[in-house]
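Please read the structure below before turning to the comments.
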Amino acid sequence: MMSRNEEIFQHYLAVIDTHLDDLISGRTDRMFELQDIAAHLFIHPTHLSTVIKQHTGHHPCYFYEQKIMEQAKKLLQNKQQSVAAIAYTLTYDPSNFTKWFKAFAGVTPSQYRQQIAMPVSMAS
């Protein structure tokens, strides 16, 4: 049986996934903040933060940003969409998106695109 903390954590991840799907598909144009997610879970933002930190050792933002990064990487695979368009889709200013992406991925979005375009034998 799942603990209450694990249940809250799993619901937290599910809300993020649904929200990012809504963002990418254009059903919303506003990035949720922690209090928005907590409201969806019917718990106080401080309680949400405390539970996730106790359960995982990480702040909730850690998981949120990981999931945003996953989506950014998926979107960057489509060469038809500019980096700026992807940034706007994810509610970032393009220059802030590039800085944020580089801080997490170690490369800029454009460099990431170049890396994924390389044949596997060239990348290793």
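We did not get these values from a lab; they are worked out from the coordinates using the rules stated. Source: prediction; values computed, not measured. Because the Cβ atoms are built from the backbone with ideal geometry, glycine has one as well, and the counts that use them run over all protein chains shown.
Here Leu90 does not qualify as within 18 Å of the chain's Cα centre (by Cα), in contact (Cβ under 8 Å) with a residue 40 or more places away in the chain, buried (at least 16 other Cβ atoms within 10 Å of the Cβ) and more than 21 Å from Tyr12 (Cα to Cα).
When the criteria are applied in full, Tyr112 fails the requirement of being in contact with a helix residue (DSSP H, G or I) (Cβ under 8 Å, 6 or more places away or on another chain) and either closer than 23 Å to Arg27 by Cβ or exposed (fewer than 15 other Cβ atoms within 10 Å of the Cβ) (or both).
Among the residues of region 23-33, those that are over 13 Å from the mean Cα position of the chain (by Cα) and either closer than 18 Å to Ile43 by Cα or not charged (D, E, K, R) (or both) comprise Ser25, Gly26, Thr28.
For the criterion of being exposed (fewer than 15 other Cβ atoms within 10 Å of the Cβ) and either within 11 Å of the chain's Cα centre (by Cα) or touching a residue at least 40 places away in the same chain (Cβ under 8 Å) (or both), Gln81 fails.
Scanning region 50-62 for residues that are surrounded by fewer than 18 Cβ atoms within 10 Å (Cβ to Cβ) and assigned to a helix (DSSP H, G or I) gives Thr50, Lys53, Gln54, His55, Thr56, Cys61, Tyr62. Yes or no: region 2-12 includes at least one residue that is in contact with a Ser or Thr (Cβ under 9 Å, 6 or more places away or on another chain), free of Cβ contacts under 8 Å to residues at least 24 places away in the same chain and part of a helix (DSSP H, G or I). Scanning region 2-12, I find no residue that is in contact with a Ser or Thr (Cβ under 9 Å, 6 or more places away or on another chain), free of Cβ contacts under 8 Å to residues at least 24 places away in the same chain and part of a helix (DSSP H, G or I), so the answer is no. Can you spot a residue in region 23-45 that is hydrophobic (A, V, I, L, M, F, W, C), within 16 Å of Phe9 (Cβ to Cβ), surrounded by 12 or more Cβ atoms within 10 Å (Cβ to Cβ) and without any contact (Cβ under 8 Å) to a residue 12 or more places away in the chain? Yes, region 23-45 contains at least one residue that is hydrophobic (A, V, I, L, M, F, W, C), within 16 Å of Phe9 (Cβ to Cβ), surrounded by 12 or more Cβ atoms within 10 Å (Cβ to Cβ) and without any contact (Cβ under 8 Å) to a residue 12 or more places away in the chain. Checking the stated criteria, Glu65 turns out not to satisfy the condition of being acidic (Asp, Glu), more than 23 Å from Ser110 (Cα to Cα) and not in a loop (DSSP other than H, G, I, E, B).
In the condition set (1) under 22 Å from Ile37 (Cβ atoms); (2) part of a helix (DSSP H, G or I); (3) in contact (Cβ under 8 Å) with a residue 24 or more places away in the chain, Lys74 is compliant with all but (3). The set of residues from region 1-22 being hydrophobic (A, V, I, L, M, F, W, C), over 13 Å from the mean Cα position of the chain (by Cα) and either more than 15 Å from His55 (Cα to Cα) or exposed (fewer than 14 other Cβ atoms within 10 Å of the Cβ) (or both) comprises Met1, Met2.
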